[in-house]
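To keep things clear, I will list the structure first and then write my remarks on it.
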């Protein structure tokens, strides 16, 4: 992937140097609720507990409990600077792309911010922890990521190439697009008491994958990425499929518990966005959401 290092974006909020990342102490409600729902399945000593939608944030992995090995070393802010600049480039470029798409439909785009943190921090959706994975909070319109997530993605079999990392960031930005367009709010209203929450969650996440692909299309059109770059991003999309994560955690594949979709579905919709370059092609809800 070809990109220009322009330093740190004005839309980046860097909290990595804050003690504890700015979060509070006490019992982690995500862990408590996770235990009530049957508890995490662990491999080794580090347990990743991710519970989709508990605080109305949209995290990258969903509610499939996995157990990557502990990080081999603590990575400090200085050694992460290249990643910060890559994320800055992707965030700015993707937001500029979406601003143009919105303007073409006479809509006003409102920029999201991205919070870099370490271990834990506060958000408009509650306490964020590194174990939650990258997520978007509709309440404050911010994306949150602990850069240690790349280690966990690798352990799931994903790629951490530049474009694969870009896929993660632009997926979360896809949730911001859904928030601005009112899609997320309609999905939430339709989900309440419907008995179909899991399927609607999958639709939401796959659409965010497709929106990430829409930016990928614009990037490909400018000859910034190659087919090899796309293949690496698809590798990461497959690595975070619900079926793959369930297999990795030693459980049977159970589609009724999916929140983000299978590996094949995630690859399909990311590819759909890249090939079409149009948000209108991201029809994962198939007419379920009324305006």
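The values are calculated or read from the model by the stated rules, or taken from the named source; none is laboratory data. Remember, predicted model here, so these are calculated numbers, not experimental data. Neighbour counts run over all protein chains shown; Cβ positions are idealised from the backbone, glycine included.
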Worksheet item: Among the residues of segment 76-96, is there at least one that is outside any strand (DSSP E or B), surrounded by 17 or more Cβ atoms within 10 Å (Cβ to Cβ) and at pLDDT below 95?
Response: yes
Discussion item. Against the conditions (1) within 18 Å of residue 238 (Cβ to Cβ); (2) in a loop (DSSP other than H, G, I, E, B), where does residue 193 fall short? Just the number, please.
Written reply: (1)
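Quick grid of which residues meet (1) closer than 14 Å to residue 201 by Cβ; (2) in a helix (DSSP H, G or I); (3) touching a helix residue (DSSP H, G or I) at 6+ places or on another chain (Cβ under 8 Å):
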| site | (1), (2), (3) |
| --- | --- |
| 234 | no, yes, yes |
| 244 | no, yes, yes |
| 250 | no, no, no |
| 253 | no, no, yes |
| 267 | no, yes, yes |
| 273 | no, yes, yes |
| 280 | no, yes, no |
| 285 | yes, no, yes |
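Rundown of residues vs (1) without any contact (Cβ under 8 Å) to a residue 60 or more places away in the chain; (2) touching a strand residue (DSSP E or B) at 6+ places or on another chain (Cβ under 7 Å); (3) over 19 Å from residue 217 (Cα atoms); (4) surrounded by 14 or more Cβ atoms within 10 Å (Cβ to Cβ), yes/no style:
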position	(1), (2), (3), (4)
237	no, no, no, yes
240	no, no, yes, yes
243	yes, no, yes, yes
249	no, yes, yes, yes
256	yes, no, yes, no
267	yes, no, no, yes
276	no, no, no, yes
285	no, no, yes, yes
Discussion item. If I ask for residues that are part of a helix (DSSP H, G or I) and surrounded by fewer than 21 Cβ atoms within 10 Å (Cβ to Cβ), which ones from segment 209-231 would you list?
Written reply: 217, 218, 220, 221, 227, 228, 231
Worksheet entry | In segment 94-117, the residues that are under 17 Å from the mean Cα position of the chain (by Cα) and farther than 17 Å from residue 175 by Cβ | 116, 117
Item to complete: Quick one: residue 120 ticks every box in (1) closer than 28 Å to residue 181 by Cβ; (2) surrounded by 16 or more Cβ atoms within 10 Å (Cβ to Cβ); (3) touching a strand residue (DSSP E or B) at 6+ places or on another chain (Cβ under 6 Å) except a single one, so which number is it?
Response: (1)
Response to the item:
Over segment 115-157, the set of residues assigned to a loop (DSSP other than H, G, I, E, B) and under 19 Å from residue 236 (Cβ atoms) is 133, 134, 146, 147, 148, 156, 157
